[in-house]
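The values are calculated or read from the model by the stated rules, or taken from the named source; none is laboratory data. The structure presented is a predicted model; accordingly, all values stated were derived computationally and were not measured. Every residue, glycine among them, receives a Cβ derived from its backbone with ideal geometry; neighbour counts consider all protein chains shown.
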């Protein structure tokens, strides 16, 4: 079920969609170097899909370690 329907993020793809609408993503797109994204990374991944995916997985893993959510990395 999509987070749009129930109001929660329940998968990495839905987290990526949610992140697209945040101020953070707008700022990263405007000034990626300030967020530690190299120009080479930006050339290889202009929409920052890989960067956002790693960010979401990292956040979900940390929340899982704190037992705040259940995160299955598979």
Worksheet item: Taking only pairs six or more apart or across chains, which ones have beta-carbon atoms under 6 Å, a first residue in the stretch 54-74 that is touching a residue at least 40 places away in the same chain (Cβ under 8 Å), and a second residue that is in a helix (DSSP H, G or I)?
Response: 56/12; 56/15
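Where in the stretch 1-60 are there helices (runs of 4 or more DSSP H), lying wholly inside it, with at least 3 residues that are modelled with pLDDT of 90 or more, in contact with a helix residue (DSSP H, G or I) (Cβ under 9 Å, 6 or more places away or on another chain) and surrounded by 11 or more Cβ atoms within 10 Å (Cβ to Cβ)?
Values: elements: 3-6, 12-19, 23-30, 39-44.
By residue number, 12-19, 23-30.
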